[in-house]
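Working notes, beginning with the structure itself.
The values are calculated or read from the model by the stated rules, or taken from the named source; none is laboratory data. Computed from a prediction, not measured in an experiment: that's the story for all the values here. When we count neighbours, we look across all protein chains shown, and the Cβ atoms used for this are built from the backbone with ideal geometry, even at glycine. SASA here: full protein model, heavy atoms, side chains in, ligands and nucleic acids out. Shrake-Rupley method; radii C 1.70, N 1.55, O 1.52, S 1.80 Å.
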Amino acid sequence: MRLYAAVALSGFRRYATYRVATAAGVFTNTVFGFIVAYTYIALWNARPHLGGYELGQALAFVWISQALLAASALMGGGFDEELQERIRSGDVAVDLYRPADLQLWWLANDLGRAAFQLLGRGVVPLAVGALAFELTLPADPLTWLAFLLSVLLGLLVGFGMRYLVGLAAFWLLDGAGLTLLSSLLGTFLSGMLLPLGVFPGTFGEVARLLPWSALLQVPADVLLGRHHGAGLIRALAFQAGWAVVMLGLGRVVQAVATRKVVVQGG
């Protein structure tokens with residue numbers, strides 16, 4: 001475990017070196033947060049209690065989304081493109097010779113990245129949003145702890161899905177299309193554009209059962225107090241279940257892909 005802790009720390013330090021990019025990301029998240037927040041204000045004034053959210057909860061949802069956007073890599077910025085490039089170039093053969101598990105190596109690296117993005121690009125936009133708008137945020141520290149646990153489980157689910165996308169490069173010479181499709185689905189079905197509770201009927205019910213909802217919708221609802229008691233346990237179990245499924249699928253696909261590795265070019 002000491003090895004993977006070192007890999008996670010290395011991932012944290014790697015992204016911490018890009019100070020200008022981090023500052024630009026904070027600015028972008030904050031500006032985009034204001035745009036979406038004012039859109040939500042107009043929408044909730046026209047449709048009060050939309051999706052079961054009060055206006056203050058809806059605005060909090062906006063800024064929670066901005067706080068988790070980079071950490072969850074919902075719009076790119078994760079490891080999957082790097083993994084695809086290493087597979088295309090044949091460098092993955094070196095990775096497989098390391099005395100470390102390929103999936104755990106990338107998981108540790110991605111958790112280090114996510115930890116920095118959560119601190120570097122998550123705290124400031126949420127703080128700015130809380131100063132500029134009346135957000136419904138909890139005062140109970142236990143709720144915040146449950147939120148952080150939910151965020152961690154969401155990160156595991158997100159890693160599992162992106163790892164599958166990355167491994168697809170073993171069969172696809174160019175995985176750009178699959179990466180783009182994954183990003184689009186993640187943006188729409190995670191609740192980034194609108195809370196999934198707003199979606200009507202069967203479509204909304206199905207969307208809330210898909211793994212993308214574990215990335216953002218569930219953590220946001222946990223922080224907003226929409227899950228408590230037995231409901232909170234069910235929400236966390238939902239995320240944990242998808243994490244197990246995605247990580248398990250990653251193990252299976254990894255085993256199939258690396259059974260016989262042919263380095264590109266011969």
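Separation of the stretch 30-60 from the stretch 190-266 is 24 Å, based on Cα centroids.
The largest-to-smallest principal axis extents of the Cα set in the chain are 62, 42, 33 Å.
Accessible surface computed residue by residue for the chain, with neighbouring protein chains in place and a 1.4 Å probe, gives 49 Å² per residue. For the chain, the membrane-span-like helices by this rule, meaning whole DSSP H stretches whose C-alpha atoms cover at least 15 Å of axis and whose Kyte-Doolittle mean is -1.0 or above, are 2-16, 19-46, 55-69, 102-120, 141-167, 176-189, 230-257; this says nothing about an actual membrane. Given a 1.4 Å probe and every protein chain left where it sits, what share in percent of the accessible area of the stretch 67-116 is carbon and sulfur? Whole-percent figure for carbon plus sulfur exposure: 58.
Peptide packing: for 230-243, 72-85, the average count of neighbouring Cβ atoms within 10 Å per residue gives the ranking 72-85, 230-243, highest mean first. When R251, R259, R13 are compared by accessible surface with a 1.4 Å probe, the order from highest to lowest is R259, R13, R251.
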